[in-house]
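S.K.: One structure coming up, written as structure tokens, with questions to follow.
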Amino acid sequence: ITPTEEYIINCLKSTPNIRAIAPVTEDNDPNGKLNSDGGYYSAVFFSVDLFDTENLENDALLEKGTDVGGCIEAYQSVIDAETRNNYLKEFDDNWLFNSGYHTIIGTLVIRTSKELTEDKHKLLEQNIKQIILQSLRNQGLQFLFVEKRIANERKESWSKMKLKLLCGSIFVLKN
């Protein structure tokens, strides 16, 4: 199951500290990755009240990008999400081009502002993850942290995937 844009927006609306939300369209996508091969099928930017920023909406929020809060990018596969996350990692140690904090949850890349302190980043990331997972539980979906399809997609052995299950690093949803 790949989360819909509406699902992501509803999760963000329920997340503490989120001030404004702006989904991208092909006309205003700052990264130009919407619906491209290997790109995200949805990206929703958000601002937060964890530091002093003006209250931005829609295109003004998109122009500021992740600096005023963050973004959730949704991909068709775990491989695509990991590819994007690995690309972002290339800039982690570059103070000029650092794109902020980023992590993966299933097929989602959750990005938060480099302007946040470590404590505020962890709080925001934890809140977003909790809302996403709680929302799924409330909808009665069953969690499977790993399934053989992902093992095949990654060309990894099922036993390696079970080990990752124990570490909680991947989840896949199944009705």
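S.K.: Where residues in the stretch 6-55 are of a type in the set (Phe, Trp, Tyr) and within 19 Å of His121 (Cα to Cα), which of them is modelled with the lowest pLDDT?
M.R.: Phe51
S.K.: Still on this structure: Against the definition (assigned to a helix (DSSP H, G or I), open to solvent by 70 Å² or more (accessible area, probe 1.4 Å), modelled with pLDDT under 90 and out of contact with any strand residue (DSSP E or B) (no Cβ under 6 Å at 6 or more places or on another chain)), how does Ser135 come out, yes or no? Write out each step before concluding.
M.R.: Details: assigned to a helix (DSSP H, G or I): yes; open to solvent by 70 Å² or more (accessible area, probe 1.4 Å): no; modelled with pLDDT under 90: yes; out of contact with any strand residue (DSSP E or B) (no Cβ under 6 Å at 6 or more places or on another chain): yes.
It is false that Ser135 is assigned to a helix (DSSP H, G or I), open to solvent by 70 Å² or more (accessible area, probe 1.4 Å), modelled with pLDDT under 90 and out of contact with any strand residue (DSSP E or B) (no Cβ under 6 Å at 6 or more places or on another chain).
S.K.: Continuing with the same structure: Filter the stretch 20-45 down to residues that are of a type in the set (Val, Ile, Thr) and surrounded by 14 or more Cβ atoms within 10 Å (Cβ to Cβ) and give me whichever is farthest from Ile79 (Cα to Cα).
M.R.: Only one residue tops the list, namely Ile21.
S.K.: Look through Val68, Val24, Val78, Val44 and report the one residue that is over 15 Å from the mean Cα position of the chain (by Cα) and aliphatic (A, V, I, L, M).
M.R.: Exactly one residue qualifies, and that residue is Val68.
S.K.: Which condition from (1) at pLDDT 85 or above; (2) assigned to a helix (DSSP H, G or I) is the one that Ile150 breaks?
M.R.: So Ile150 meets the others, but not (1).
S.K.: Under 7 Å by Cβ, and 6 or more places apart or on different chains, what pairs join a residue from the stretch 33-60 that is within 21 Å of Cys11 (Cβ to Cβ) with one that is modelled with pLDDT under 80 and not in a helix (DSSP H, G or I)?
M.R.: Ser47/Thr53; Ser47/Leu56
The values are calculated or read from the model by the stated rules, or taken from the named source; none is laboratory data. For clarity, every value in this text was computed on a predicted model and none was experimentally measured. Glycine also receives a Cβ, built like all others from the backbone with ideal geometry; neighbour counts cover every protein chain displayed. Protein only, heavy atoms only, side chains kept; ligands, DNA and RNA dropped before computing areas. Shrake-Rupley method; radii C 1.70, N 1.55, O 1.52, S 1.80 Å.
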